[in-house]
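Step one of this worksheet: look at the structure below.
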Ligand SMILES: Nc1ncnc2c1ncn2[C@@H]1O[C@H](COP(=O)(O)OP(=O)(O)OP(=O)(O)O)[C@@H](O)[C@H]1O
C-alpha cells in the first residue's frame, strides 16, 4: 500500500464559470497532509466542480490550487497525473476492459518510454495486485468491467486510484453504490491510506464518522470549513439542507450523530 505521504493541498480564491455564471467562487480551503476532508453540500452546490478543479481536470477562472505550495495547473500533465488520484462519480467506458486492465490504467502516469498501455513492466504487477486486494476486487480481476455491478465498479475505480499511488486522493460520492458493510469498509480503508483525501459525500453520518474535517458548499460558495464537530450542527443542516435535525454525540464512537426530524418547513415550533 502507499506510504503515508500526503501533501498539503491548498485552494486559494478558486472560481469556475460556465453558462455565463459562477458555478463556484471565492473557495479557500486547506487540507493538511494525510487528513480526510468531507466535502458536503446539496445537489448542484459545486462539489464535483471543485473536485475537478483540484484534480486538474479543469482550470480555475480565478485563484490557484497548490500542492505543497506548487501550482497544480502549472505542473507537467504526467506529474499532475502521478500526484492526484480521482475516483469519479460515474466512471464510464465503452472499452471492453477487464478489471485488472482498468486497475493497470492507474500505473500509466508512472511509465516511461514507449510501453504499450497494458504492457505492465516487471515490478508493477505487484502494485496492481496490491491495489486489487486492497479494494476487495482481486477475485474479479479477470471479469469484464462491463459486467460489473455499480458497487463492484466503484471498488475497481478505488483500486485503480490506489494502484496509481497518488499523494492526493479525490473521491466523488464514492459510496453511493455500496452496501452498508462496503461503505464502512471503503472509508475505513481510505482513512488507512494516510493520503490527503477529499471526499464529496451526501451521507452526513458517514462524513461525521470518517472525516477529520468538513467543508460545506452552498450555491457555489464555501459556507463552513473546520473540524467535524464544529461544522456539523443542527443550525448548519437547517440552513444548507433545509432539514430539521438533531446532532448529538454518537453513543459508540463519540463523533456527531445526526438524527433528522423532517423538512424544516414542516416542523412545528
Ligand atoms: N459545463 C457546465 N455548464 C453549465 N452548468 C454546469 C456545468 N457543469 C456544472 N454545471 C452546473 O453547476 C452546478 C454545480 O454542479 P456540480 O456537479 O459541481 O454539483 P454537485 O454539488 O456535485 O451536485 P450533486 O450533489 O448533484 O452531484 C450545477 O447547477 C450544474 O448544473
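Relative contact order, percent, of segment 21-170 when contacts are C-alpha pairs under 8 Å separated by at least 6 residues?
After rounding, I find 28 percent.
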- line: Percent relative contact order for segment 116-220, counting Cα pairs under 8 Å at least six residues apart, stands at 24
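Peptides 70-81, 40-51, 7-18: what's the order by average Cβ count within 10 Å, highest mean first?
Highest to lowest by the protection proxy: 40-51, 7-18, 70-81.
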field: Fully extended contour minus Cα-Cα distance, from residue 143 to residue 205, at 0.36 nm per residue
entry: 19.0 nm
Cα-based shape type of the chain, given that a ≥ b ≥ c are square roots of the gyration tensor eigenvalues and the cut on a/c is 1.5: prolate
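Grab the DSSP H runs of the chain that are 4 residues or longer, score each as -39,500 (n - 2.57), total them, divide by all residues and round the 222 nm result to the nearest 500 deg cm²/dmol.
The helix contribution divided over the chain gives -8500 deg cm²/dmol.
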field: Whole-Å semi-axes of segment 1-91's equivalent ellipsoid (Cα gyration tensor)
entry: 21, 15, 13
query: Which whole-number percent is the relative contact order of the chain (Cα, under 8 Å, 6+ apart)?
result: 25
field: q = 0.32 Å⁻¹, segment 125-177: log10 I(q)/I(0) [Debye, one scatterer per Cα]
entry: -1.31
statement: One finds the C-alpha centres of segment 3-77 and segment 195-209 to be spaced, in Å, by 16
statement: Put in order of increasing Cβ neighbours within 10 Å, starting from the fewest, 229, 257 give 229, 257
message: Of all beta bridges DSSP finds with both residues in the chain, what is the antiparallel percent, to the nearest 5?
response: 60
- line: With 0.36 nm assigned to each residue of separation and the Cα-Cα distance removed, residue 133 to residue 68 gains 20.4 nm
message: Just to check, using Stokes-Einstein with a Kirkwood Rh over alpha carbon pairs, what's the diffusion coefficient of segment 142-263 at 20 °C and 1.002 mPa s in µm²/s?
response: 136
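Every read-out reported here was derived from the displayed coordinates using simple, explicitly stated rules and does not represent laboratory data. As the structure is a computational prediction, the values presented were derived from the model and not from experiment. Positions of Cβ are backbone-derived with ideal geometry, glycine not excepted, and every protein chain shown enters the neighbour counts.
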